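Colleague: Shown below is the structure under consideration.
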Amino acid sequence: MTASKPGRSRLSGWLAEARTSAVGTRLPASAVEVTALAALLLAAVGDSRLWALPPAVLAFGLLAWTWRGGALAVGTSVVARVLLLATAYLLGAVHGGLDPALAAGVAVAGLAVLAEPLLASAFEAVYPVAANLPGIGARLSRGPDSSSRVALVNGAAVLVALVCAFTGVAGWIALAVAVAALGLTLFTGMQGLKQVRARRNGEAKLLKALTAYEPVFLVHWNAPAGTAYQLAMWLPYLERLNRKFFVLVRNQTNFNEVVGLTKTPVVMRMGLNQLDEVIAPSLRAAFYVNTATVNNHVARYTNLKHIQLNHGDSDKVPSHNPVFRLYDKNFVAGQAAIDRFAANGVSMPAEMFTIVGRPQVENVAIATEPIASIANPRVLYAPTWAGFYADSNYSSLLAGYDIIKALVARGCSVVFRPHPYSQRSAALARECDRIRTLLADDRRTNGRPHVFGAEAEVAMTVADCFNASDAMVSDVSSVVADYLYSEKPFAMVAVSTPAARFPEAFPLARAAYVIDAHGGRLQGLDTALDDLLGGDPLATARRDLKKYYLGDIPSDRYAQRFLDEASRYL
């Protein structure tokens, strides 16, 4: 079964570690192993036990350093620990006679350490099969605490063996600790094997359970940790279809994230050849909320209708990626999305698109008064992140501090909601902290009701932030297209392209007050803010573009358009 692959991967990784560590090409692991090797050599050739003491102490210190901060993992640093055990053996063999109990303790501790890769294999093969699915039972846990204890106790056995070897203390102490370590390793291994057996029993029942459940569609989602918003924005609307469905994920991190979002069944399949087990006869369609590479693993099932929802609509490069051709249907917010592909040389027939609007904005309040009539308006600053590639870096966060300062100087209060991925960049994370500090200081000094931190980023939804604001400053982002629904004024920061060419490259900017931050220099800020918070000459342009980007759909049935179109395929 493919379930054994994670284990083989860990074992082969350990063998690769052993090969590469010999030439010292890995850090910090190689530093531990080279230092442990130095201790072993000095134990063999030195005139005194003390020769080997400094490198042995340094090696164990480095070993503890690699395991700092909770990074202790079974099956890691195996080579280094074996070298240190060999050092303990040689110290006894070369200097003053070998204590049989110490030799036995070294051997037993060595068995425990060498068994760790196999133990890691067992625990990596323990992963959830399903949650919330009738007939499968409770979700499984990998039990990481048990395997971490094994690594800790085996490390202690190595340390005790070294102490006994250097001090000449009775070797039976090392033997006793090593026997306990080996016993814990074996016991934990048996627990892991039981969990593997339970997982396999669950897998054997999976197709039968799904067939009995009779799902009409599935949602396939695979993404980096911390990206659950991609799926979370669609789940309420998929649930409103009133059809049985399940969420299919491909890794345990995503599994844990989704289980916290829905009571709908969640199924995890890691390998390509595990997917046949989840394609129940009742399935009619598969929905996708991003363009993850592994989407093609499911798209190969020709008996399903494959529908891409995406997690936002914007003028970014990823929004006209040719990979959208993979899907039978692309549900898009408005005609702007369709024209974007053609404008960028991506040929796609009209029948591949269906305009459904952005149901997520159905509860966004529409402006009722001109911005100029609002004293001390509240401005939402919602910068995007830096993107995976240089051509998709539209983030204004490096200029964000100066933008916020200018808003505060005009008496505005601010809602600050950066993209969640901003924390993945040290530079952007620092700028977020600077802005939060600025807002906290101003709130404390002047009493302005700024909203930031967990309140804006966790407690409030994006729609809540829209409704809590009178205007917005953002970047090239789907947030801007969604904000159009409110008909409130917004500014966009030109980062990747100079302001003069910005509306040509990003058509949504035709309704935006453009702040030029191209090349790292902030220009036109005061002029843009004067228009944003004052006369608002682009109000009519926003209303026209609203239909173009978000569909010409009656507001009282806005989300129903998506529900009706999705139901056609179910």
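Colleague: Considering only segment 306-332, state which residues are open to solvent by 40 Å² or more (accessible area, probe 1.4 Å), in a loop (DSSP other than H, G, I, E, B) and within 17 Å of ALA223 (Cβ to Cβ).
Modeller: HIS311, ASN321
Colleague: Same structure, new question: Take the conditions farther than 16 Å from ALA481 by Cα and open to solvent by 30 Å² or more (accessible area, probe 1.4 Å) and apply them to ASN303. Does it pass?
Modeller: Working: farther than 16 Å from ALA481 by Cα: yes; open to solvent by 30 Å² or more (accessible area, probe 1.4 Å): yes.
It is true that ASN303 is farther than 16 Å from ALA481 by Cα and open to solvent by 30 Å² or more (accessible area, probe 1.4 Å).
Colleague: Got a sec? Which of LEU428, LEU438 is assigned to a helix (DSSP H, G or I), of a type outside the set (D, E, K, R) and free of Cβ contacts under 8 Å to residues at least 40 places away in the same chain?
Modeller: When all the criteria are applied, what remains is LEU438.
Colleague: Please count how many residues of segment 431-462 are surrounded by fewer than 14 Cβ atoms within 10 Å (Cβ to Cβ) and farther than 18 Å from ALA382 by Cβ.
Modeller: So the answer is 7.
Colleague: OK, next. Of the residues that sit in segment 191-224 and are surrounded by fewer than 18 Cβ atoms within 10 Å (Cβ to Cβ) and among the small types (Gly, Ala, Ser), which one is farthest from SER567 (Cα to Cα)?
Modeller: My answer is ALA198.
Colleague: A follow-up question, please. Mind listing whichever residues of segment 369-383 are farther than 16 Å from LEU484 by Cβ and either outside any strand (DSSP E or B) or at pLDDT below 95 (or both)?
Modeller: GLU369, PRO370, ALA372, SER373, ILE374, ALA375, ASN376, PRO377, PRO383
Colleague: For the structure I just gave you, tell me whether VAL356 is of a type in the set (Val, Ile, Thr) and open to solvent by less than 10 Å² (accessible area, probe 1.4 Å).
Modeller: Numbers: of a type in the set (Val, Ile, Thr): yes; open to solvent by less than 10 Å² (accessible area, probe 1.4 Å): yes.
Criteria met by VAL356.
Colleague: Go through (1) modelled with pLDDT under 90; (2) touching a Ser or Thr at 6+ places or on another chain (Cβ under 9 Å) one by one and return the number of the condition ALA427 breaks.
Modeller: Among (1) modelled with pLDDT under 90; (2) touching a Ser or Thr at 6+ places or on another chain (Cβ under 9 Å), ALA427 violates only (2).
Colleague: Let me ask something additional. Considering only residues that are part of a loop (DSSP other than H, G, I, E, B) and under 19 Å from TYR301 (Cβ atoms), look in segment 225-255 and name the one that is least open to solvent (accessible area, probe 1.4 Å).
Modeller: Among them, the one singled out is ARG250.
Colleague: Taking segment 513-561 on its own, how many of its residues are at positive phi and out of contact with any helix residue (DSSP H, G or I) (no Cβ under 8 Å at 6 or more places or on another chain)?
Modeller: Looking only at that region, the number is 1.
The values are calculated or read from the model by the stated rules, or taken from the named source; none is laboratory data. Please read all numbers here as calculations on a predicted model, not as lab measurements. Methodologically, a virtual Cβ is constructed for each residue, glycine included, from the backbone with ideal geometry; neighbour enumeration extends over all protein chains shown. Surface accessibility is based on the protein's heavy atoms, side chains included, excluding ligands, DNA and RNA. Shrake-Rupley method; radii C 1.70, N 1.55, O 1.52, S 1.80 Å.
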